[in-house]
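Participant: Sharing a structure below in structure tokens format, with a few things to ask.
The values are calculated or read from the model by the stated rules, or taken from the named source; none is laboratory data. Being a predicted model, the structure only gives us computed values, none of them experimental. Counting neighbours? That spans all protein chains shown, and the Cβs are built from the backbone with ideal geometry, glycine included. With ligands, DNA and RNA removed, areas are computed over all heavy atoms of the protein, side chains included. Shrake-Rupley method; radii C 1.70, N 1.55, O 1.52, S 1.80 Å.
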Amino acid sequence: LHAGARVTRLERHSELWHLACEDGREFAAPVVVLANARAAITLLPAEIANLHGIRGQVTLLPARSLPAEPRAVVCGDGYLVPPAGGIACCGASFLRGVAIGPATQAEQQENLHRVAALLRDFAPGNVDPDTLGARVAERCASPDRLPLAGRVPDVAAFTARFAGLGDNARRPIPLPGAYLPGLA
């Protein structure tokens, strides 16, 4: 495990993956697991890593502002996590194409309204959003919003193997998928 290594190049030669890092370090291994969210777009072809960032802001809400402390996570068009240390976490905004930056009052208000939709006795107008904590981060998302996990596909081999689906989407193709060796 090489955590925090900023990999700038990933290439396969002689049964090994070769990685070059920003700080000059280099590694070679038969298996590489990419755990770098949207930064995967810098290492993989675009047709594999068609990823985008989504801004998300969570609101940190004092437990005393809730009508009752939930004993479990409450979900709907948003969520509310039971308080820990007197603070409940709720959210979250979901803004595609918006840069990461400081928390906004508009997103705080949206999150408070999400809580109101989850808890009928919660009145968002009774909470001053300027007094609340928040956390902003970027989610990594695929175009279909499905999680990306597992082996990395070999796009050329997939395209060749499943080309028949272009003529007939119901055509049975008794072949497994095709993947880049040792890359997940």
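Participant: When both residues are 6+ apart or on different chains and their Cβ atoms are under 8 Å apart, which pairs have a first residue that lies in the range 160-177 and is in contact (Cβ under 8 Å) with a residue 12 or more places away in the chain and at positive phi, and a second that is open to solvent by less than 90 Å² (accessible area, probe 1.4 Å) and small (Gly, Ala, Ser)?
Facilitator: Sorted first by the residue in the range 160-177, then by its partner, the list stays empty.
Participant: Can you name the condition, by its number, that Gln57 falls short on among (1) touching a strand residue (DSSP E or B) at 6+ places or on another chain (Cβ under 8 Å); (2) open to solvent by less than 20 Å² (accessible area, probe 1.4 Å); (3) more than 30 Å from Gly125 (Cα to Cα)?
Facilitator: Of (1) touching a strand residue (DSSP E or B) at 6+ places or on another chain (Cβ under 8 Å); (2) open to solvent by less than 20 Å² (accessible area, probe 1.4 Å); (3) more than 30 Å from Gly125 (Cα to Cα), only one is false for Gln57: (3).
Participant: Mind telling me which of the residues Ala160, Ala156, Ala116, Ala149 ends up being surrounded by fewer than 17 Cβ atoms within 10 Å (Cβ to Cβ) and more than 25 Å from Val32 (Cβ to Cβ)?
Facilitator: Ala116
Participant: Which condition number in (1) over 23 Å from the mean Cα position of the chain (by Cα); (2) hydroxyl-bearing (Ser, Thr, Tyr); (3) open to solvent by 60 Å² or more (accessible area, probe 1.4 Å) is the one that Tyr179 fails?
Facilitator: (1)
Here's the yes/no breakdown for (1) open to solvent by less than 20 Å² (accessible area, probe 1.4 Å); (2) out of contact with any strand residue (DSSP E or B) (no Cβ under 7 Å at 6 or more places or on another chain); (3) aliphatic (A, V, I, L, M):
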residue: Ala35; (1), (2), (3): no, yes, yes
residue: Ile41; (1), (2), (3): no, yes, yes
residue: Leu61; (1), (2), (3): yes, no, yes
residue: Arg64; (1), (2), (3): no, yes, no
residue: Glu110; (1), (2), (3): no, yes, no
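Participant: Can you say whether Val74 is touching a strand residue (DSSP E or B) at 6+ places or on another chain (Cβ under 7 Å) and farther than 30 Å from Gly133 by Cα, as far as the supplied structure shows?
Facilitator: No; evaluated as a whole, the condition is false for this residue.
Participant: Next question. Give the number of residues within the range 84-127 that are basic (Lys, Arg) and assigned to a loop (DSSP other than H, G, I, E, B).
Facilitator: 1
Participant: Restricting the range 12-33 to residues that are open to solvent by 70 Å² or more (accessible area, probe 1.4 Å) and either among the aliphatic types (A, V, I, L, M) or outside any loop (DSSP other than H, G, I, E, B) (or both), which is nearest to Gly150 (Cα to Cα)?
Facilitator: Taking the candidates together, the pick is Val33.
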